[in-house]
Structures are given as structure tokens and as C-alpha cells.
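One structure below.
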Amino acid sequence: MYRFLLTPRWWGINVFVLLAIPFCIFMGSWQLGRFEDRVDNHRDAEARVASDKREAPRPLDRLLPVTKATSGKQTTATGRYDEQLLVPDRTLDGEHGHYVLTLLRTDSGRALPVVRGWLPGDPDPAKAPPVPAGEVTVTGALQASETPGSNGVSARGGLPDGQTAAISAASLVNLVPYEVYDAWVTLNRGDSGMKAVPASAPGGTGLDLKAFQNLGYTAEWFAFVGFVIFMWFRLLRRELEFARDAELGLVPDEEQGQGQEPASASEPSSPSRV
């Protein structure tokens, strides 16, 4: 009854199944490993952000440009506050609010974006704390410029004057008449009673969309293993049913119809009655 397994057709099916299953298991395991690596990197990055806060601050120029190694490091800069902007749609501790961003004019001629703190509710310039006058020295965590549309950063345009969606040199250079550092700093302590904005892990080390894509691909590869096994058993069961029918002399209706010979065209037709 199982002799059909030795036919060329079933040899091809069996070889495909024997190759497909280990390949899918390997790919699923590889994708799962990628996800686990991203989870470990995320934990390490969070631990590094906490440890960096205990380090002595270093001058800004020594930490630029911002990399994964310098992101979150404590830095210090001196200058005078100038333009102040509000950054809408920022959540802190599960509450909707906005950042208060002030540009610090340094002796280099460039300005350093400084997040002085967070306020709840919609942006309102009248409720934002005034800009401190005179020379100030700021200390906080160094952060890389944000990319609109990623990691929760809004990409919407058409904001009112005095607002920016992303904290990045590319966005700020269009709002102020001087050069801006390709980085920003969040103060360790919120200024003027505002809540301090905690430093975030550097890009590419968090549980972002790519990490969950790896997890989704893992599920797809293992699901395909189950699908291959299911289809193999389904084909086997169907072939066994055909074999049993053949042993019992049963032939499907369509095969019976194919076995009937059509009437010969040469046979005389019965005369019609008038």
C-alpha cells in the first residue's frame, strides 16, 4: 500500500520536506537569536545610561561627534541662553506634555540645544519658564540629534511659531540665524521647577521596530515548519485513500466517465418518425 512512496514524485516531496524543515528551524533560531541580542543590548544600554550619570562631566567638544559610546555621557558647557522653543507631543511617566528647549550660545559661535525640562499639557509660551539671563553653565546627558518619524519623534509639520517637532540640527537651523551643534543635552535637574527629561539609550540599541520584526520572523519560520509537516501528512493521507480505493476496485466518478467510450459517429442513427 505504501509502494507509492518509492515513486519519483514522492521522492521529490520527501526530499523537499527533509530539507525544508531543518532550514526553517535554522532560520527561526537565527531570528530568535537576533531578537535576544537586541534585548541584551537594550538592557546593557539602559544600565550604561544609569552608570554614565554617576561619571564626572566632560567638556562638550571632547564628546563630539555623538556615537553609541558617547551618547548618554555627562557633559558640561558654558554660554548664554538665547532662543527658546517648545517641543510638543512628548510623554513623561505616561503623561502627555512637551519639552522646553533653549539654545545655549557658546563661545564657539554655535548653539547647543538644551532641554531644560518637561511640562504637562499642550505647549503654551505664556506658561513656559522665562529664559535665565546672563552666563550659565549647564550639566547634563549628551544625546544624538533626533530623526523625525522614528522612536516616537513626531514628523508633522506646520507647527506654530516657537515650536519644533524634533530636536535636531537639521530642523533647528531653519529656525535660528546661527549654527547649531548636531547634538543636544538634557539637564540632570529640571530648571525652574520643571521635570527633568531622562536620557535615552542610543539609537539601534533599544527594543525598536526591527527587534519586533525579528520576533515576528521567528514565529513565521516556525509556523512554516508546522505547515510543511501538515501538508505532507495531508498528501500522504490522500494517497493512501486512493490506494485503498484501487485495492477495493473503487474508481472515482470522474474516472468512470472518462472510461466510457463515446458512440461512434459511423453508427446509423435511428430514423425519425414522421
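Values computed for the structure shown
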| quantity | calculated |
| --- | --- |
| Helices (runs of 4 or more DSSP H) contained entirely in region 167-274, each with at least 1 residues that are within 23 Å of Pro57 (Cβ to Cβ), at pLDDT 85 or above and in contact with a strand residue (DSSP E or B) (Cβ under 9 Å, 6 or more places away or on another chain) | 169-172 |
| The listed residue being assigned to a strand (DSSP E or B), modelled with pLDDT under 95 and within 18 Å of Ala199 (Cα to Cα), out of Pro65, Pro88 | Pro88 |
| Index of the failed condition, Ser71 passing every other in (1) within 19 Å of Ser200 (Cα to Cα); (2) hydroxyl-bearing (Ser, Thr, Tyr); (3) out of contact with any Phe, Trp or Tyr (no Cβ under 8 Å at 6 or more places or on another chain); (4) in a strand (DSSP E or B) | (4) |
| Meets criteria (over 21 Å from Pro177 (Cα atoms), among the hydrophobic types (A, V, I, L, M, F, W, C), buried (at least 20 other Cβ atoms within 10 Å of the Cβ) and at pLDDT 95 or above) for Leu119 | yes |
| Odd one out for Pro177 among (1) surrounded by 12 or more Cβ atoms within 10 Å (Cβ to Cβ); (2) without any contact (Cβ under 8 Å) to a residue 60 or more places away in the chain | (1) |
| Residue satisfying condition, being of a type in the set (Val, Ile, Thr) and surrounded by 17 or more Cβ atoms within 10 Å (Cβ to Cβ), within set Thr76, Thr102 | Thr102 |
| Only one of Lys73, Lys68, Lys53 that is touching a helix residue (DSSP H, G or I) at 6+ places or on another chain (Cβ under 6 Å) and more than 18 Å from Ala166 (Cα to Cα) | Lys73 |
| Single condition Gly121 does not satisfy, out of (1) touching a helix residue (DSSP H, G or I) at 6+ places or on another chain (Cβ under 6 Å); (2) free of Cβ contacts under 8 Å to residues at least 40 places away in the same chain | (1) |
| Considering residues of region 35-59 that are modelled with pLDDT of 85 or more and buried (at least 16 other Cβ atoms within 10 Å of the Cβ) only, the residue farthest from Phe224 (Cα to Cα) | Pro57 |
| Condition check for Gly121: of a type outside the set (S, T, N, Q) and more than 24 Å from Leu60 (Cβ to Cβ) | yes |
| Residue within region 15-31 that is surrounded by 13 or more Cβ atoms within 10 Å (Cβ to Cβ), closer than 30 Å to Phe242 by Cβ, over 31 Å from the mean Cα position of the chain (by Cα) and touching a residue at least 60 places away in the same chain (Cβ under 8 Å) present | yes |
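The values are calculated or read from the model by the stated rules, or taken from the named source; none is laboratory data. Keep in mind that what you see is a predicted model, and the values were worked out from it rather than measured. All Cβ positions, glycine included, derive from the backbone under ideal geometry; neighbour counts span all protein chains shown.
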